[in-house]
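Working notes, beginning with the structure itself.
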Amino acid sequence: MSRFDIDRRVGPMRLRAWFLIANFLFNAMALYGLSRLMVAGEGVGLLVLGILGTLGCLAVLSQPNRPDVK
Amino acid sequence: MRNARSVGNRNTGFVGNRNTRSVGNRNAEIVATDTPKRPPAYPLGDAIPPAVLKRQAEGLARARQRGLIGGLPTYVRLGGPGFIGAALTLGAGTMTSSMLAGAEFGYRTLWIFWVAAGSGMFMMAAMARFTCQGGFNLIEKQAELHGWFLARVLTAAVGMVTVAVAFNFGQVALGTHLIDSLAQIDGPGFAQEVNWPLYILLTSWIALSYGRGSSGGTKLLEAFMKWSLAAMILCFAACLAIVGIDWPAALRGTFVPWLPSGVAGIDLFIASTAAAIGVADWVLYHFTAHVKGWKREHEGLARVDLIAGFFVPFFVVNFLIVSVFAGTLYASGDVPRSAAELARALVPLLGETGASYAFMIGFLAVPVTSTIGLCLLSAMGIHEVMGWKPDVRSWRWKVCLLLPQIGFLAAWYPSPVMLIIIIAAALSLTNNIVGWSFYMMLNDRKLMGAARPKSRIWNLGIMIQITLLNCVAITYVFNRLGWWQS
């Protein structure tokens, strides 16, 4: 993770912004899975994937801007 | 602070490209050279003479030498924006939630309050960084970087102005009701339809004084907020002393997380944690810190102000309110839903007349201080929407500031529920996007230079709050689609 520059530009935005969007999508996936689980007893896969994706995005997004990259 | 050499302050760093020089190491560190000369980014900061700021900086240096505890009186005396923020947040809505939590769940949801305020502190610290080390106008800079729609519409218009106008109805309704209730304890009463000018005049006068008279007006407002928060704490603590507290249950509720089962519990957690501190609190803190003239050397003060002025009063007041209701109305069956009805139901249970007065006076401070904060939010927000230069002596400022006082209509009519629902929906759907924008700005190398965060924990704290705000937006949409049965 330490060699990974999250502030590199990818397309129109920095990678950090793409991860913010990914985090949002994983949040939605987790909540949808949770709602399915509570209503119909299904959706565990979506819930787990959403939570893991959210945790992954949080780990990446917590990374500070690298001082050695201009 | 790895790979960075500070100049003059351990929280070093500088923002922006002007007046900077590179130190010349390979990390291209940028250092500040102009803190004392930097012109105020927010015109209201002009009100404070430079000599006063210099004396404050010297006082802060001495306070730092005495340590956190020894220097605390200085920090509290010089602080202010944190207290204004706490007073704004502790309004009719928060109080209703706290009273209902105590009446319905006893002490068991006390932990939510420190988690809510704690998770919000990271973004508030970012606001302090933007003000003290950035020295820019946040919304102007946001417009430059992320577009006018995000800055002027979502942040200023939705996050500040609509909040100020719509939510003051509830404050006025509660405040005028409490004045009437106070007058009824030992007298014939003082009807809402008659007492509203008293409420509006007091709150307007204090709000209008802000930023005037070489900062004397700012001091007046900040002192009023500090004393009002102290009054809330003392009055509610007195009530709790009479009602009594089950300490083991209170401590368990504070430190052991518990939620009602099912979707209701998830809703309660998301709504309570995400709603405690939002865009209005973030931006108000940024601007009120600018009004204090805070610069790089004030960032330590700003952080103590956030803890002592915002976090502690927020948690203590909510702790006391929940505990009072947990000790009286909990498990009493049919619990009223509005703040005024909850207060009315509580008063007979307090027994002594003195306790009733104490509760009502402490409770009256809640809407009064929120109204004052909402007036400031309205004036600052409208000026940012329009790109106007704020001038507290202008009629434009006064009209913008008094706009939320249209809430005086709440003395006769019920609050405009439809308007509040629409604004709450807009807030639910946009708060997170504004949060994304501020997070990106904080981590922007060009904007923040060496002042950008070096800590994973800081970024993680901000991201946790943003994730909660995302969840608010998502559950709102799911609710409309029928996928989430609240």
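The values are calculated or read from the model by the stated rules, or taken from the named source; none is laboratory data. Quick caveat, the model's predicted, so the values are computed rather than measured. Note that each Cβ is placed from the backbone with ideal geometry, even for glycine, and that neighbours are counted across all protein chains shown.
Taking the criterion of being out of contact with any Pro (no Cβ under 7 Å at 6 or more places or on another chain) and surrounded by 23 or more Cβ atoms within 10 Å (Cβ to Cβ), the residues of the range B:453-466 that qualify are B:I462, B:M463, B:Q465, B:I466. Residue count for the range A:35-61, restricted to those that are surrounded by 20 or more Cβ atoms within 10 Å (Cβ to Cβ) and facing another protein chain (nearest Cβ under 7 Å): 3.
For the range B:241-265, a residue qualifies if it is surrounded by 12 or more Cβ atoms within 10 Å (Cβ to Cβ) and either under 12 Å from B:Y107 (Cβ atoms) or modelled with pLDDT of 90 or more (or both), and the qualifying residues are B:I245, B:D246, B:A249, B:A250, B:L251, B:R252, B:G253, B:T254, B:W258. Number of residues in the range A:2-20 that are over 11 Å from A:T54 (Cα atoms), aliphatic (A, V, I, L, M) and at the interface with another protein chain (Cβ under 10 Å from one of its Cβ atoms) equals 3.
Residues considered: B:A230, B:A250, B:A183. Of these, the only one that is in contact with a helix residue (DSSP H, G or I) (Cβ under 7 Å, 6 or more places away or on another chain) and part of a helix (DSSP H, G or I) is B:A250. State all residues of the range B:308-326 that are farther than 27 Å from B:A61 by Cβ and either part of a loop (DSSP other than H, G, I, E, B) or aromatic (F, W, Y) (or both); if no residue qualifies, say none. If the condition is that a residue be farther than 27 Å from B:A61 by Cβ and either part of a loop (DSSP other than H, G, I, E, B) or aromatic (F, W, Y) (or both), then B:F314, B:F315, B:F319, B:F325 are the ones that fit. Restricting the range B:307-351 to residues that are at pLDDT below 90 and polar (S, T, N, Q) leaves a set whose member that is farthest from B:L240 (Cα to Cα) is B:S338. The residues on offer are B:L342, B:L329, and the sole one that is touching a residue at least 60 places away in the same chain (Cβ under 8 Å), part of a helix (DSSP H, G or I), surrounded by fewer than 24 Cβ atoms within 10 Å (Cβ to Cβ) and out of contact with any strand residue (DSSP E or B) (no Cβ under 7 Å at 6 or more places or on another chain) is B:L342.
Considered as a group, the residues in the range B:467-486 that are at the interface with chain A (Cβ under 7 Å from one of its Cβ atoms) and either on the phi > 0 side of the Ramachandran plot or in a helix (DSSP H, G or I) (or both) include one that is surrounded by the most Cβ atoms within 10 Å (Cβ to Cβ), and that residue is B:N470. Mind checking whether some residue in the range B:259-269 is of a type in the set (S, T, N, Q), within 14 Å of chain A (Cβ to nearest Cβ) and either outside any helix (DSSP H, G or I) or out of contact with any Cys (no Cβ under 7 Å at 6 or more places or on another chain) (or both)? Yes.
Just give me the residues in the range B:445-466 being charged (D, E, K, R) and either under 20 Å from A:F24 (Cβ atoms) or within 8 Å of chain A (Cβ to nearest Cβ) (or both), in sequence order. Give the steps one after another, and end with the answer.
Narrowing the range B:445-466 to residues charged (D, E, K, R): B:445-446, B:452, B:454, B:456.
Passing the criteria: B:R445, B:R452, B:K454, B:R456.
Take the conditions (1) surrounded by 23 or more Cβ atoms within 10 Å (Cβ to Cβ); (2) under 30 Å from A:A28 (Cα atoms); (3) in contact (Cβ under 8 Å) with a residue 60 or more places away in the chain; B:N432 misses just one of them, which is (3).
Residues in the range B:271-307 that are under 12 Å from B:P81 (Cβ atoms), among the charged types (D, E, K, R) and part of a helix (DSSP H, G or I): B:D281, B:R303, B:D305. Restricting A:N65, A:N27 to residues that are within 7 Å of chain B (Cβ to nearest Cβ) and either surrounded by fewer than 19 Cβ atoms within 10 Å (Cβ to Cβ) or in contact with an Asp or Glu (Cβ under 7 Å, 6 or more places away or on another chain) (or both) narrows the list to A:N65.
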